[in-house]
Amino acid sequence: MEIRLENVSKAYPFKTALCGVSATFQAGKIHALLGENGAGKSTLAKIISGRIKMSDGRLFVDGTETYFSSPKDALKKGIAEVQQRPLLSFSLTAKQNILLSCKSFFSYGSAQFNKRLLELKEKWAPKLNLDQKIKDTGGAEHFFTGLLCALIKDWNCLILDEPSSFLTPEERKSLFLHLREEAQGGKTIILITHSKTEALNYSDTITLLQKGKLAGFFPNTKLYTSQVAAKQDIGGERRSSDKSPKESMPCIRFTNASCIPARQAAVRGITLCANYGEITAVASSNEASFVTFENFITGMSKAKCSGKVDFLTREKDGTSQEEKEFSAKKYNSAFLRKNNIAIVSSNKTFRASNPDLSVEQMLSIFGGNPDELIKKAGVSITKKEKCSSLSGGMLQRLVLERELSINPPLVILCNPMQGLDVSAQSSLCKRIESIAKEGAAVLVIGSHDFPMTLCSKVYSLQNGRISLSFSKDGLL
């Protein structure tokens, strides 16, 4: 299937997301749609998949001018999409979600449906538990469930929006191996990514977008010049500085804490400490218990918890004001919010925000001034627009500024680099570093792509247990 766009534009009341973009995606190839956060990649994909209507321009499928009024229309033509965060029912199992995506409910018990589903699972997602409820799974399982929802249909073009965000290197390698097989069989694959490395390693062509405009088309990845793919330093070298006493004062400390949910991997014996004026990271590359750990640290777990938590508030002069010691059973989001602790969860779309909210509503939760927060975040948006129109990077910056508006003593950041391009990652690292320099404790959970040189301590999460692997004094 060949998809061609001519002078496609998409204008919202307060901004233009795409301006006169022309691009061709030929059959039998993997096409990378590359660009920084807010470049218009997802907007273009939404137009192709029928999720939004273009303001101007023309769309051709196999040479015939086509108009899609909905994703259902696009699917009739064989165009399937896997969103960065698939819209799944968290109260249902993976298998039930896949069934809901099918045309008929009567296929659930059919031998044909079950056979096809098992074939797809074994090939594309061998570790996915089809009978586990989505609410008890993590980002990788959400992606693979969404992928199977798309693959079980009759498709000729598959659009993948940042597919590797939650995947391990092994899962990523396997995914693109199978995508290559599909492309060689004549299918069209469109890969939306901010990663030039991913685009160069796995795609045949690269379409580059910048600020809603076509910045370049490369029919061969070798033509993607070193100038375009120039490397940028993330975070820079660690700057040595003399720590004042207040910067090394403990902010929050967990001692032998455990969280044991009924249907997820448990975490046990958590012992870690985050200090004022320092960045503390917890690294976890391929860990089944990561979701449990994040839920516990952010106070969102409803599972059985035990152990001890110490929280030390601090006067402006850096001296200790009050130490609160309590059982981990009482550690929850209500306690965190009562103590002005900032929380930026991995799921920024539905936990930190909601697509149906306006930017103003999302930013006004703590009574902050939306216009000022938008300005501080450096985002080109108005407060009247819906959060659904924000790119991942824009939402990340706005949520962070909202959380910082409460002057938090502790900032908990979960997977902060996820889905961000190189430039956005660099800006975020500088922002995080400035937060710590101003005296707050920063706890980074899920440190993939985060520069360890900025951290005073790095813990490792493996097999549901925490161990200190690095400190400012050297390896332990």
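Quick one: would you say I381 is within 28 Å of L34 (Cβ to Cβ) and more than 19 Å from the chain's Cα centre (by Cα)? Answer is yes for this residue. If you go through segment 267-297 and keep only what is free of Cβ contacts under 8 Å to residues at least 60 places away in the same chain and open to solvent by 20 Å² or more (accessible area, probe 1.4 Å), you end up with just N295. For segment 330-343, the count of residues that are among the hydrophobic types (A, V, I, L, M, F, W, C), open to solvent by less than 60 Å² (accessible area, probe 1.4 Å) and in contact with a helix residue (DSSP H, G or I) (Cβ under 8 Å, 6 or more places away or on another chain) is nonzero.
Counting the residues of segment 124-151 that are of a type in the set (D, E, K, R) and within 16 Å of R172 (Cα to Cα) gives 2.
Applying the set (1) at pLDDT 95 or above; (2) surrounded by fewer than 19 Cβ atoms within 10 Å (Cβ to Cβ) to A11 leaves exactly one unmet item: (1).
Examine segment 60-76 for a residue that is open to solvent by less than 70 Å² (accessible area, probe 1.4 Å) and closer than 23 Å to H194 by Cα, and state whether such a residue exists. No, segment 60-76 has no match at all. Of all residues in segment 370-396, those satisfying the criterion of being over 17 Å from A17 (Cβ atoms) and open to solvent by 70 Å² or more (accessible area, probe 1.4 Å) are D371, E372, K375, K376. Against the conditions (1) loosely packed, with under 14 Cβ neighbours inside 10 Å; (2) under 29 Å from F14 (Cβ atoms), S49 satisfies every one except (1). I'm told K308 meets every condition in (1) modelled with pLDDT of 90 or more; (2) among the charged types (D, E, K, R); (3) crowded, with 19+ Cβ neighbours inside 10 Å except one. Can you identify the failing condition by its number? Unmet condition: (3). Being among the hydroxyl-bearing types (S, T, Y) and either open to solvent by less than 20 Å² (accessible area, probe 1.4 Å) or touching an Asp or Glu at 6+ places or on another chain (Cβ under 8 Å) (or both) is a property that holds for T93. Screening S174 on (1) under 25 Å from R51 (Cα atoms); (2) of a type in the set (S, T, Y); (3) over 18 Å from the mean Cα position of the chain (by Cα) shows it passes everything except condition (1).
Kindly provide the set of residues from segment 140-156 that are in contact with a helix residue (DSSP H, G or I) (Cβ under 8 Å, 6 or more places away or on another chain) and either of a type outside the set (D, E) or open to solvent by less than 20 Å² (accessible area, probe 1.4 Å) (or both), ordered by number. The answer is A140, H142, F144, T145, L147, L148, C149, L151, I152, K153, W155.
When segment 236-281 is filtered for residues that are at pLDDT 90 or above, closer than 14 Å to S471 by Cα and not in a loop (DSSP other than H, G, I, E, B), the ones remaining, listed by number, are L272, C273, A274, N275, I279, T280, A281. Looking at A303, is it at pLDDT below 90, open to solvent by less than 40 Å² (accessible area, probe 1.4 Å), in contact with a strand residue (DSSP E or B) (Cβ under 8 Å, 6 or more places away or on another chain) and over 30 Å from L44 (Cβ atoms)? Against the criterion (at pLDDT below 90, open to solvent by less than 40 Å² (accessible area, probe 1.4 Å), in contact with a strand residue (DSSP E or B) (Cβ under 8 Å, 6 or more places away or on another chain) and over 30 Å from L44 (Cβ atoms)), A303 qualifies. Between S358, S353, the distinction of being of a type in the set (G, A, S), in contact with a Cys (Cβ under 6 Å, 6 or more places away or on another chain) and closer than 25 Å to R397 by Cα belongs to S353 only.
For first residues located in segment 427-454 and touching a residue at least 24 places away in the same chain (Cβ under 8 Å) and open to solvent by 10 Å² or more (accessible area, probe 1.4 Å), partners that are in a helix (DSSP H, G or I) and among the β-branched types (V, I, T) and lie 6+ apart or on another chain with Cβ distances below 8 Å form the pairs L454/I432. Is it the case that S110 is free of Cβ contacts under 8 Å to residues at least 24 places away in the same chain and more than 30 Å from K302 (Cβ to Cβ)? Yes; evaluated as a whole, the condition is true for this residue.
Report yes if A111 is of a type in the set (G, A, S) and open to solvent by less than 50 Å² (accessible area, probe 1.4 Å), otherwise no. The answer is no for A111. Would you confirm whether or not segment 145-152 contains a residue that is in contact with an Asp or Glu (Cβ under 7 Å, 6 or more places away or on another chain) and closer than 27 Å to P355 by Cα? Yes, segment 145-152 has at least one match.
The values are calculated or read from the model by the stated rules, or taken from the named source; none is laboratory data. Keep in mind it's a predicted model, so treat the numbers as computed, not measured. Glycine also receives a Cβ, built like all others from the backbone with ideal geometry; neighbour counts cover every protein chain displayed. Heavy atoms of the whole protein, side chains included, go into the accessibility calculation; ligands, DNA and RNA do not. Shrake-Rupley method; radii C 1.70, N 1.55, O 1.52, S 1.80 Å.
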